[in-house]
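*Asks:* Structure below; questions to follow.
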Amino acid sequence: MTLAVNIAQGGSNNVTMRNRIINGAMVLDQRNAGAAVTPTADTYTLDRWSVGMSQASKMTIQQSSTVPSGFSKSLSVTVASAYTPAASEWFGFFQKIEGFNSADLGFGAAGASTVTISFWVRSSITGSYGFSLSNSSQNRSYPVLYTVNSANTWEQKTITIPGDTSGTWVGATNGIGLLCIWSLGAGSSYLQTANAWGTGLGLGTTGQTNWITNAGATFYITGVQLEAGTTASPFEYRQYGTELVLCQRYFQKISGSINGGSYNQFANMAYENAATAWGVIALRATMRTQPTTAYNGTFTLSYGTQGTLINDANQTGGDLAVIGWTGGSGGAAGSSTYIRANNSTAVFISFSAEL
Amino acid sequence: MYKIWQKNPDYIYCIERLEDHAMIPLNPDNTDYQEYLRWLEAGNTPEPAEENQ
């Protein structure tokens, strides 16, 4: 066996971490744990993967066990309600790659690296499908078509795209470095010249398949890899824990039900005054930016005081979250308590810093 | 719809998105905050601030 090793830094294809896509094998689904969802707007589903839509409730998304050899999970999309996109409408899914993870490709300047994206796809509808690479402002894009040759059959696709030497790309920041978009239907406003960098957001070209028009159609994808260079290397498998931490930079969920308990504790707190207590949760990975905090289910303090969970964003950074309980009564300033689930296994706190 | 949570007018804790009770930081890199700013620019007004001393 011959192993090619390239340790150059700029636009490099190192043996490890060469895949710029996170959760390309679709193994992580922190939000829905494998349950199907039919979103009403652009929504993150499987970790790092967002569905995009111009009309609500047309597509159902789910982590699936229908896979090609060598994979355990895929992302499945099913047409929930067939729809013909108007000129300015589109349907599909995408992943945004952070600038820190793509800056070395050098887009926006001479010498920008060629990139290759490879993935496994299975669709009930044959034909040409649109894929596009775009920048943060969506005013530079490279639409390209790939073909699904056989219905309901796993096929691996490889697309090579020359680096864009024009336009504004965010570089080494926590903004959107690259936007990778798979179209499942797009109106004429999104159809541009294929295989060329252009202005605006092109998602495909004339003659592409509008999969979304087919009632009950299915589309599966897994093994997604974007790497520097002109050829697709074998899919880079990462250990589950490594992939999880990569995902947790953008979304993390602290569940109270890991042991099936109904009163699990989440954080120690101290009363600031009779009505309000504060506590700290150490985040599991440094997040991309200050996260949005969401609380699901019924919480209570140690002795059952009712109130509302809030968040002190001023003191919540990428590493620590400061959560507060307010609206209660009877607390003594400086005394301790803790926040716990209130007879529920469905309780969790999530932190989102998605792009 | 949104509601502001604050200690006082000079110290805002976060902005609550009422549809899912998500607590959003006032940080321009946070996409939920960017969406809130677009909502404000569209002429909308958040619910009166909830003040927690």
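*Asks:* Applying the selection to chain B, what residues are facing another protein chain (nearest Cβ under 7 Å), without any contact (Cβ under 8 Å) to a residue 40 or more places away in the chain, open to solvent by less than 20 Å² (accessible area, probe 1.4 Å) and under 10 Å from the mean Cα position of the chain (by Cα)?
*Replies:* Selection gives B:Tyr13, B:Cys14, B:Ala22, B:Met23, B:Ile24, B:Pro25.
*Asks:* Could I ask something else about it? Would you say A:Gly111 is in contact with a strand residue (DSSP E or B) (Cβ under 6 Å, 6 or more places away or on another chain) and assigned to a loop (DSSP other than H, G, I, E, B)?
*Replies:* Answer is no for this residue.
*Asks:* Restricting attention to segment A:223-242, and to residues there that are assigned to a loop (DSSP other than H, G, I, E, B) and of a type in the set (Ser, Thr, Tyr), which single residue is most open to solvent (accessible area, probe 1.4 Å)?
*Replies:* A:Tyr237
*Asks:* Would you confirm whether or not segment A:78-101 contains a residue that is of a type in the set (Asp, Glu) and in a loop (DSSP other than H, G, I, E, B)?
*Replies:* The answer is yes, given that some residue of segment A:78-101 is of a type in the set (Asp, Glu) and in a loop (DSSP other than H, G, I, E, B).
*Asks:* Return the pairs, sorted by first residue and then second, in which the second residue is in a strand (DSSP E or B) and open to solvent by 50 Å² or more (accessible area, probe 1.4 Å), the first residue lies in segment A:141-158 and is under 16 Å from A:Thr116 (Cβ atoms), the beta carbons are less than 6 Å apart, and the residues are 6+ apart or on different chains.
*Replies:* Close Cβ pairs satisfying both conditions: A:Gln156/A:Trp120.
*Asks:* If a residue has to be at the interface with chain B (Cβ under 10 Å from one of its Cβ atoms) and either among the acidic types (Asp, Glu) or open to solvent by 10 Å² or more (accessible area, probe 1.4 Å) (or both) to count, how many in segment A:314-324 make the cut?
*Replies:* 4
*Asks:* Out of segment A:332-355, which residues are away from chain B (no Cβ under 14 Å) and open to solvent by 20 Å² or more (accessible area, probe 1.4 Å)?
*Replies:* Result: A:Ala332, A:Gly334, A:Ser335, A:Ser336, A:Tyr338, A:Arg340, A:Asn342, A:Asn343, A:Ser344, A:Thr345, A:Ala346.
*Asks:* Something else: Which residue is surrounded by the fewest Cβ atoms within 10 Å (Cβ to Cβ), if the candidates are limited to segment A:192-222 and must be touching a residue at least 60 places away in the same chain (Cβ under 8 Å) and in a strand (DSSP E or B)?
*Replies:* Filtering segment A:192-222 for residues that are touching a residue at least 60 places away in the same chain (Cβ under 8 Å) and in a strand (DSSP E or B), the one surrounded by the fewest Cβ atoms within 10 Å (Cβ to Cβ) comes out as A:Thr199.
*Asks:* So which of A:Gly70, A:Gly34 ends up being open to solvent by less than 40 Å² (accessible area, probe 1.4 Å), on the phi > 0 side of the Ramachandran plot and either of a type in the set (Lys, Arg) or in contact with a strand residue (DSSP E or B) (Cβ under 9 Å, 6 or more places away or on another chain) (or both)?
*Replies:* A:Gly34
*Asks:* For A:Phe100, indicate whether it is open to solvent by less than 30 Å² (accessible area, probe 1.4 Å) and aromatic (Phe, Trp, Tyr).
*Replies:* No, not satisfied.
*Asks:* Right, something else. Among the residues of segment A:280-313, what is the count of those that are more than 17 Å from the chain's Cα centre (by Cα) and more than 14 Å from chain B (Cβ to nearest Cβ)?
*Replies:* 10
*Asks:* Here's something else I'd like to know. Could we say that A:Pro85 is more than 23 Å from A:Ile254 (Cα to Cα) and at pLDDT 95 or above here?
*Replies:* So A:Pro85 fits the description; yes.
*Asks:* Among the residues of segment A:83-94, are any farther than 21 Å from A:Asp29 by Cβ, open to solvent by 40 Å² or more (accessible area, probe 1.4 Å) and of a type in the set (A, V, I, L, M, F, W, C)?
*Replies:* So far as segment A:83-94 goes, yes, one or more of its residues are farther than 21 Å from A:Asp29 by Cβ, open to solvent by 40 Å² or more (accessible area, probe 1.4 Å) and of a type in the set (A, V, I, L, M, F, W, C).
*Asks:* Quickly run through segment A:109-118 and pick out the residues that are small (Gly, Ala, Ser) and open to solvent by 30 Å² or more (accessible area, probe 1.4 Å).
*Replies:* Passing the criteria: A:Ala109, A:Ala110, A:Gly111.
*Asks:* Return the residues of segment A:122-150 that are open to solvent by 20 Å² or more (accessible area, probe 1.4 Å) and not in a strand (DSSP E or B); say none if nothing qualifies.
*Replies:* Selection gives A:Ser124, A:Ile125, A:Thr126, A:Ser136, A:Ser137, A:Gln138, A:Asn139, A:Asn149, A:Ser150.
*Asks:* Can you tell me which residues in segment A:151-176 are open to solvent by less than 50 Å² (accessible area, probe 1.4 Å), more than 14 Å from chain B (Cβ to nearest Cβ) and under 24 Å from the mean Cα position of the chain (by Cα)?
*Replies:* Across segment A:151-176, the qualifying residues are A:Trp154, A:Glu155, A:Lys157, A:Ile159, A:Ile161, A:Gly163, A:Asp164, A:Trp169, A:Gly171.
*Asks:* Does at least one position in segment A:178-200 carry a residue that is within 14 Å of chain B (Cβ to nearest Cβ), in contact with a Phe, Trp or Tyr (Cβ under 9 Å, 6 or more places away or on another chain) and within 20 Å of A:Glu98 (Cα to Cα)?
*Replies:* yes
*Asks:* Output the number of the condition that A:Gln248 fails; it satisfies all remaining conditions of (1) more than 14 Å from every other protein chain (Cβ to nearest Cβ); (2) surrounded by fewer than 20 Cβ atoms within 10 Å (Cβ to Cβ); (3) out of contact with any strand residue (DSSP E or B) (no Cβ under 8 Å at 6 or more places or on another chain).
*Replies:* (2) is the only condition that A:Gln248 fails.
*Asks:* Looking at A:Ser255, A:Ser329, which one is at pLDDT below 85, open to solvent by 30 Å² or more (accessible area, probe 1.4 Å) and within 14 Å of chain B (Cβ to nearest Cβ)?
*Replies:* Going through A:Ser255, A:Ser329 in turn, just one is at pLDDT below 85, open to solvent by 30 Å² or more (accessible area, probe 1.4 Å) and within 14 Å of chain B (Cβ to nearest Cβ): A:Ser329.
The values are calculated or read from the model by the stated rules, or taken from the named source; none is laboratory data. Treat the numbers as computed from the prediction; the structure is a model and nothing was measured. No Cβ is skipped: glycine too gets one built from the backbone with ideal geometry, and neighbour counts run over all protein chains shown. Each accessible area value is taken on the protein alone, full model and side chains, heavy atoms only, with ligands, DNA and RNA left out. Shrake-Rupley method; radii C 1.70, N 1.55, O 1.52, S 1.80 Å.
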